[in-house]
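Following: one structure in structure tokens, then a few remarks.
The values are calculated or read from the model by the stated rules, or taken from the named source; none is laboratory data. The structure presented is a predicted model; accordingly, all values stated were derived computationally and were not measured. Here the Cβ is made from the backbone with ideal geometry for all residues, glycine too, and neighbour counts use every protein chain on show.
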Amino acid sequence: MKLKITALSLILIFLLPISSYSQSMGMRPWKKDARCWRASELHLSPEQGTRLNLLQQTYLEETQLLRAQLVTKRIELRELLTNPAIKTESIRTKYLELVETQSKIEEKAIEYLVKVRSLLTHEQLTSWCPEQEFPLFQRMMPGHSPMGPMSPRKTLPPEE
């Protein structure tokens with residue numbers, strides 16, 4: 001029992017300073033709340049709305065080919081992983097290609113967010129949550145762990 005209390009106390013000792021530090025730095029939690037909106041939900045002026053639409057269209061056009069390449073590379077990687085004749089080096093090379101493409105998409109996403117940020121007023125910025133702009137963007141933000149392996153499934157009996 002003493003061990004459990006000691007362990008719990010240590011956990012609290014380490015977590016409380018982190019929580020209070022982030023609050024003292026003015027950081028909002030990376031989650032949806034009443035003050036956290038997408039740029040399109042911030043009561044933009046007509047000019048801001050037009051510029052935002054143009055930025056969105058440009059971003060989608062610039063990343064369309066990269067997103068298609070990413071899907072293709074994921075399919076190719078899957079095929080390599082499931083082929084027993086393929087050498088590990090080929091798998092690693094394909095994975096590096098996939099990561100490079102993913103990095104290019106993330107770079108374009110950051111460029112887009114910086115441009116969106118530049119068209120918002122100071123007041124709008126205080127209510128804007130950039131992670132709301134992209135559904136998958138949350139994985140890139142601090143405090144969110146990358147997706148890990150899925151839970152193991154039951155194995156099927158071998159076919160006869």
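Specify which of the listed residues (Arg117, Arg139) is part of a helix (DSSP H, G or I), modelled with pLDDT under 85 and under 22 Å from Ser40 (Cβ atoms).
The match here is Arg139.
Quick grid of which residues meet (1) surrounded by 11 or more Cβ atoms within 10 Å (Cβ to Cβ); (2) small (Gly, Ala, Ser); (3) in contact (Cβ under 8 Å) with a residue 12 or more places away in the chain:
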position: Gln69; (1), (2), (3): yes, no, yes
position: Lys73; (1), (2), (3): yes, no, yes
position: Arg78; (1), (2), (3): yes, no, no
position: Thr82; (1), (2), (3): no, no, no
position: Glu100; (1), (2), (3): yes, no, no
position: Tyr112; (1), (2), (3): yes, no, yes
position: Leu119; (1), (2), (3): yes, no, yes
position: His122; (1), (2), (3): no, no, no
position: Cys129; (1), (2), (3): yes, no, yes
- What number of residues within the range 83-95 are more than 19 Å from the chain's Cα centre (by Cα) and part of a helix (DSSP H, G or I)? 7
